[in-house]
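For reference, the structure discussed in these notes is given below.
The values are calculated or read from the model by the stated rules, or taken from the named source; none is laboratory data. The structure displayed is predicted, hence computed values, not measured ones. Neighbour counts run over all protein chains shown; Cβ positions are idealised from the backbone, glycine included. The accessibility values were calculated without ligands, DNA or RNA, using every heavy atom of the protein model including side chains. Shrake-Rupley method; radii C 1.70, N 1.55, O 1.52, S 1.80 Å.
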Amino acid sequence: MRTPTRRTVLASALAAAGTGLIAACSGSGSGSDSMKGMDHGAMNHGPTGPAAAPTGFVAPNGPEVSAAEAKRRPGPERKVVLTATETTLDLGGRTVRSWAYGDRLPGREVRATLGDTLALTLANHLPQPTSLHWHGLALRNDMDGVPGVTQEPVRPGASFDYRFALSHPGTYWFHPHSGVQQDRGLYAPLIVEDPKEPLRYDKEWVVVLDDWVDGVDGSTPDAVLAELAKGMGGMDHSSHGMPGMDMGGGTATPATGPSRMLMGAASPLLGGDAGDVSHPFHLVNGRLPSAPETFAAKPGDRIRIRLINAGGDTAYRVALGGHELTVTHTDGFPVEQATTQALLLGMGERYDVLVTVKDGVFPLTALAEGKNATALALLRTGGGAAPDAAVRPAELDGRLLTAGQLKADPGVRLPAKAPDRTVGLELTGGMAKADWAFNGRTYDPAQRYPVAAGERVRLEFRNSTSMWHPVHLHGHSFALGADGPRKDTAIVLPGTTLAVDFDADNPGLWMVHCHNVYHSETGMMTVLGYRA
C-alpha cells in the first residue's frame, strides 16, 4: 500500500496512481545501464478489481495471465479462512499488543499439496488496508498481493479471495505487502508438499525467525519507519516518529517509545553495516529465548527443519548445537546436498536441512548477525537440563555455508542460454538521508522495466551502498550462476555485483525489492513489466 500520506512523509515525490506520466524511453532494457530500459505509463484502478497495467503492458488479470494459470492445471481446492486482527500475543512471559493472523505468532501454518488450488479468504479486521503476498511462489499475477500494482488494497472490514494453483513444492511463507505491516505479527509459513517427496525423514520442524519491536515500550514499526525516514541527521532520539501519524495510511496513537535506530552494528559476513533497527527481541516461532519452543524427537530420528527468516531488518546465523546440517533446499528448490555447521539467512530466505539427532537437549540458536543478540529454540530427544537462554553453540563459529557455495540439483537447473536482456539495477542511497533506491530513483508505482515473454532475463544488481541488501523477485525464481541454486531472494553485499538469470515465463507486473522492510518502504523497490 503506497498512500499519499506516506509519500509526503518520506518525501519520495511519487506520482499518485492514475496520474498520466510521460513515457521515458523506448529502449529494450538491454545493457548494464537499464535506466534506458525503464518505461512509465498511466495506471488505472478499477473500483474493486486489480490495478490495470499501463498501455503496452500485460494487465495483472489479463488473458495472458489466465492462460499461464491454465497451464498450471489447477487441481482440488485447499480452502482456508484467515483473519488479520489486532490482538494480544504472548511471547513467552511477555505479552504485547500487535496485529496477527488470528491470535497466533507465527500465524497458523498453511499446508497443501503440489497441484492443489489454494482458495484462501483474507478477512481484514485491522484499522488499515492490508494485503497478502505469497513469498516465493510462481503464481498468477493478480493474486500476488501488491496494492497499487496487482490489486486494490483490502479495506478495513472487507475481505479478499485469493485463488491460485500451487505449481511447485517447497518452503514458502506469506505476509502483507502494505507498509511495514510485515514487521508486526502478520506472517505465517506456507508448505507445499510433494506427493513424490524424494527425501526420507521421520519428523518435520518448521522454524520461523523474527526480530520483534511492536508493542514493546510503546514502539511500533510505523514509528520506527518514521524515525528512520528522517535519516541520521536531525534525529530526535527522545521519542519515535510523528505524534498521531501512522505510516500505513490509517489513524495511529502517538508514538512515545524509545529510539530504535541502530548505530555501530557490524558483521564481516555482511560486509560491514549489519542493520538499521535495534529490535528489542529476537524470536523463534514467536517465543523469547527465556521461554523457548521445545521440539521433541527420539535419538536417531532424521528431522527435516524448514528455516524461514521473517525478520524486518536482521540476518540470522543459525546452528544446532552438537550437530551438522545437511542442506537439501533453498527457497523451495532442491540443491546438491552439502553439509555445514551454520547457515546465514537474509530476510525472506529459506533453507531446508536434514539432521540425524543425538541423545540429549540441544539449542537451535539464531544469532542476530552483527547485533549481539540471539533467538533460541530447543530440540529434546532425552533427559537433561535445558541450556541457558544465552547459549551460543560452537557450531555458530564453525563452518558456514552460503548460497553462492551451493549448486542446484540437476533436475531444476536452468538450461544453458545467453541472456536476451540485461536489466541493470544499481542499489543506491543510504541511511544518512534514508534515500534507498534502485538506479537513484525511489519507488514509483507506475515505473516499469520492460521484459518480454520467453526471454532469458539477467538482473544485474550492483550494490554501491555501504550496506547489504536481500533482494527479492516476485513471481519467479532465478539462478545464481550457470549451475547455482534456484532462489527468489539473495544477499547482495556492499561493493559487489550479483548477476542472476530467470526465464520470463509468468506474465504480469512483478515487484523487485530489498526485503529489508524499511529499505523497501523508503524507496528500494521497482517493477518488471511484461510487454503485451
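Let's see how each residue does on (1) of a type in the set (Gly, Ala, Ser); (2) out of contact with any Cys (no Cβ under 7 Å at 6 or more places or on another chain); (3) under 13 Å from residue 514 (Cβ atoms); (4) open to solvent by 30 Å² or more (accessible area, probe 1.4 Å):
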position: 408; (1), (2), (3), (4): yes, yes, no, no
position: 428; (1), (2), (3), (4): no, yes, yes, no
position: 433; (1), (2), (3), (4): no, yes, no, yes
position: 445; (1), (2), (3), (4): no, yes, no, no
position: 450; (1), (2), (3), (4): no, yes, no, no
position: 461; (1), (2), (3), (4): no, yes, yes, no
position: 465; (1), (2), (3), (4): no, yes, yes, no
position: 468; (1), (2), (3), (4): no, yes, yes, no
position: 490; (1), (2), (3), (4): yes, yes, yes, no
Kindly indicate the residue of the range 444-469 that is touching an Asp or Glu at 6+ places or on another chain (Cβ under 7 Å) and under 19 Å from residue 524 (Cα atoms) and also modelled with the lowest pLDDT among those meeting that condition. 448
Kindly indicate which of 163, 184 is open to solvent by 10 Å² or more (accessible area, probe 1.4 Å), in contact with a helix residue (DSSP H, G or I) (Cβ under 8 Å, 6 or more places away or on another chain) and more than 26 Å from residue 96 (Cβ to Cβ). 163
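Do the conditions hold for residue 315, that is, is it small (Gly, Ala, Ser), modelled with pLDDT of 95 or more, within 27 Å of residue 475 (Cα to Cα) and touching a Leu at 6+ places or on another chain (Cβ under 9 Å)? Give the derivation first.
Working: small (Gly, Ala, Ser): yes; modelled with pLDDT of 95 or more: yes; within 27 Å of residue 475 (Cα to Cα): yes; touching a Leu at 6+ places or on another chain (Cβ under 9 Å): yes.
Answer is yes for this residue.
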Determine if the range 131-138 includes at least one residue that is open to solvent by 20 Å² or more (accessible area, probe 1.4 Å) and more than 25 Å from residue 353 (Cβ to Cβ). no
Please work out if residue 388 is within 30 Å of residue 287 (Cα to Cα) and either charged (D, E, K, R) or without any contact (Cβ under 8 Å) to a residue 60 or more places away in the chain (or both). yes
Could you check the range 500-516 and list, in sequence order, the residues that are touching a Lys or Arg at 6+ places or on another chain (Cβ under 9 Å) and either polar (S, T, N, Q) or closer than 16 Å to residue 402 by Cα (or both)? 500, 506
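Which residues, taken from the range 105-118, are surrounded by 16 or more Cβ atoms within 10 Å (Cβ to Cβ) and either more than 21 Å from the chain's Cα centre (by Cα) or of a type in the set (Lys, Arg) (or both)?
Matches in the range 105-118: 114, 115, 116, 117.
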Could you tell me which residue of the range 89-100 is farthest from residue 174 (Cα to Cα), considering only residues that are open to solvent by 10 Å² or more (accessible area, probe 1.4 Å) and assigned to a strand (DSSP E or B)? 95
Answer yes or no as to whether residue 415 is open to solvent by 50 Å² or more (accessible area, probe 1.4 Å), under 30 Å from residue 353 (Cβ atoms) and either touching a helix residue (DSSP H, G or I) at 6+ places or on another chain (Cβ under 8 Å) or in a loop (DSSP other than H, G, I, E, B) (or both). yes
Checked pairs for the range 70-82, first part of a strand (DSSP E or B) and open to solvent by 80 Å² or more (accessible area, probe 1.4 Å), second among the polar types (S, T, N, Q) and modelled with pLDDT under 95, C-beta under 6 Å and 6 or more apart or across chains, list as none
Against the condition at negative phi, buried (at least 24 other Cβ atoms within 10 Å of the Cβ) and not basic (Lys, Arg), how does residue 122 come out, does it pass? no
